[in-house]
Amino acid sequence: MPKPLSILYVSSEVVPFAKTGGLADVSGALPQVIREMGHDIRIIMPKYATVSDRKFKIHDIKRLTDMPIEIGDKTYLSSVKSSFLTNIRTKVQVYFVSNDDLYCRSDLYIDPKTKEGWPDNDDRFIFFCKSVIETMLLLGWKPDIIHLNDWQSAILAPMIKTMYAKEPLFKNTKIVFTIHNAAYQGIFPADTFEKTDLPQKVMTPDGMEYHGNVNFMKAGLQYADYITTVSKTYSKEIQESNDFGFGLEGIFKKKSRKLTGILNGMDTDVWNPEDDEHIPAHYSKKDFSGKVENKKALLERFKLPYDEKVPVIGIVTRLVDQKGLDLIEKRLDNMLKLKCQIVVLGSGQKEYEKMLQAAAKKNKKQVGVEIGFDEALAHLIEAGSDMFLMPSKYEPCGLNQMYSLRYGTLPIVRATGGLADTVIDLNENPKKGNGFVFDEYKAPKLLDAVKRAVKAYGDRENWEAAMKRAMSADFSWNRSADKYVELYRKLLKKK
Ligand code: ADP
C-alpha cells in the first residue's frame, strides 16, 4: 500500500460554509472523497460572515489566536479556528482564517453597492495567504501537497518557492494550482506588490508583473509545480485565445506540458433525485414518474399553468455575460413563440435581471423569474424542468449541466469547456445523445438548438430513452479524485 498523503487544500469558498459558484461545490466535495481514500487532507478558507460559529460548531485554536500579519504598513491580527466538513462516511478538518474587519462583509468578493470587488481585496487575500503559511508553521504540519485554487490563494506558490524556499517544513512540498475560471485573475496596481513581501525578482514579466500591474493568477501559474483546470476542453481553450485565456493565453501555452484538465465531479449525495430533500417527489432512472410532480410544483411556485405537452426550460445561473445571457436576450421572443415555458433563477448584472423580469411580466403564462440565490429552488428547477439551458460563452467545467443530466433534464448547451465534454447532441447522435449542443456563439444557433429540443420533446419514446441515458452517466467525484491523487503522486516522485 503506498503511504497516505498529507494535502492542504486552500480555497476561498467551500460548501456549506460559503459559496458564490462552482469552486465552492468542488471544494466541499473533492476533499471528502480524497479523505475517504485514506489521505490526510485538510481545508483552509477565510471565515466570512456566513460561517457561523454555532451552526458549524467552530472552535478556537489557542496557539493560532491573534497572530500578527503585516500587510504593508498595517498589522492585522489573524486567528485560525477549526471545524469539520462531515458527510455520512467521513470527516475533513477545516481551518478558518478569521479577521472580522476583512472578511465579515455582506459579500465574499464584491461590494454590492458598487458591484466591483472590495477595494482592499488585495489585502484580504494577501492576509489569507500569509495566514495559511503561519498556520502550517505553527502547527508544524508538513503537507506533501499544497493544492491552491484560483487567484485568491495563488500567491502562496511564489511565497513558498521563494520566501520559504529554505524552510524544512516545505522542503519536499509540491504545489498544484487549479484554475476554475481564468477570467478572474486578481489584478491590482503595482504597489500591491510591496504588501506581499515577495522578493523583487517576482515582480517581473516572468513572475507576476502584468502590464505594469500585479496579477495573482499569473503568480500561481509561474510558480506552481503543476497546473490543472476543470475540463479537458477548457485546458486547451485557455491556451488558444484571449476569449478564454483573458490575456494569460501565452503563459498557459508556455506551461502546456505542466497543464492538464481534470473534469469536476458532482456531489452525488446532495444532488440525487432519489432522495433530494428539496423536491416534493423522488424518482430514479428506473422510474421517473415522480418527475412530473416536481414539474407541477415548480410551475405552481412560479404561478405558471401546467400542460403535459409543454416542456419547461430551466435556467439557474449567475446572470453575467459569461453565461450567454446576451444570446438569450436576442432570441427570447422567438423562443417564446415555441411551445415551451421558461423558469429562471439567478442574480447578477442589472440589465439581465431587468430584461428577465420584464419578460416574466409580459408573458405571465410562459415565463417565471426569481432574482436571488436559492439553493432549494435550484434543486426544484433541476427536478421539475424538462430541459436546462446553458448557452455559455465559455464554461470551465459547469456543474449545472451535470446536475441536469442526473435529474433527467436534458441540457441545451454551447460546445465549450466542460459542456462540450459532458453533453452529446441527440440529433447528431441519436443512440448516445443526452442533450442538445450548438457550436458557434451566435443567437440563431441558440434558437436552432432550442427548437430542436422542443421538437424532440414531442417524441416521448426517444425522449425518455435520452433521459435514461442522461441519468445513467457517472459524474461522481471518485473518478476525478483518483486522477488528482495520481497527479500528486507523480509530482512527489520528481525531485
Ligand atoms: P459557476 O461556477 O460559473 O457559477 P457552475 O455551473 O460551475 O457555474 O456552478 C454554479 C453553481 O452555483 C451550481 O451549483 C448552481 O446550482 C449554483 N447557482 C448559481 N446561481 C444560483 C442561484 N441563483 N441560486 C442557487 N444556486 C445557484
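Observations
- Here Gly346 meets the list (1) within 12 Å of the ligand (Cβ to nearest atom); (2) of a type in the set (Gly, Ala, Ser); (3) over 21 Å from Trp271 (Cα atoms) almost entirely, failing just condition (3).
- Some residue of the stretch 330-344 being in contact with a helix residue (DSSP H, G or I) (Cβ under 7 Å, 6 or more places away or on another chain) and closer than 30 Å to Arg479 by Cβ: no
- With respect to the conditions (1) of a type outside the set (S, T, N, Q); (2) in contact with a strand residue (DSSP E or B) (Cβ under 6 Å, 6 or more places away or on another chain); (3) within 16 Å of the ligand (Cβ to nearest atom), Gly398 falls short on a single one, namely (2).
- If the condition is being β-branched (Val, Ile, Thr) and open to solvent by 40 Å² or more (accessible area, probe 1.4 Å), then the stretch 172-208 contributes Ile187, Thr204.
- Filter pass, Ala183 being more than 16 Å from the ligand (Cβ to nearest atom) and assigned to a loop (DSSP other than H, G, I, E, B): no
- The number of residues in the stretch 297-314 that are within 16 Å of the ligand (Cβ to nearest atom) and open to solvent by less than 10 Å² (accessible area, probe 1.4 Å) comes to 3.
- Being open to solvent by 30 Å² or more (accessible area, probe 1.4 Å) and within 30 Å of Pro396 (Cβ to Cβ) holds for only one residue in Arg63, Arg42, and it is Arg42.
- Cβ-Cβ contacts under 6 Å between residues 6 or more apart (or on different chains), taken from a first residue in the stretch 163-189 that is at pLDDT 95 or above to a second residue that is within 16 Å of the ligand (Cβ to nearest atom) and of a type in the set (Asp, Glu), are listed as His180/Asp150.
- Qualifying residue in the stretch 355-363 (condition: polar (S, T, N, Q), within 16 Å of the ligand (Cβ to nearest atom) and buried (at least 22 other Cβ atoms within 10 Å of the Cβ)): no
- Taken together, Gly368, Gly324, Gly346 contain a single residue that is open to solvent by less than 10 Å² (accessible area, probe 1.4 Å), more than 22 Å from the chain's Cα centre (by Cα) and among the small types (Gly, Ala, Ser), which is Gly368.
- So Ser6, is it within 13 Å of the ligand (Cβ to nearest atom) and among the polar types (S, T, N, Q): no
- Hey, Met390 open to solvent by less than 30 Å² (accessible area, probe 1.4 Å) and over 17 Å from the mean Cα position of the chain (by Cα) or not: no
- Here Lys431 does not qualify as open to solvent by 10 Å² or more (accessible area, probe 1.4 Å), within 14 Å of the ligand (Cβ to nearest atom) and modelled with pLDDT of 95 or more.
The values are calculated or read from the model by the stated rules, or taken from the named source; none is laboratory data. Please read these numbers as outputs of a predicted model, since none were measured by experiment. Using ideal geometry, Cβ is built from the backbone for each residue, glycine included, and neighbour counts are taken over all protein chains shown. Accessible surface areas use protein heavy atoms only, side chains included; no ligands, DNA or RNA. Shrake-Rupley method; radii C 1.70, N 1.55, O 1.52, S 1.80 Å.
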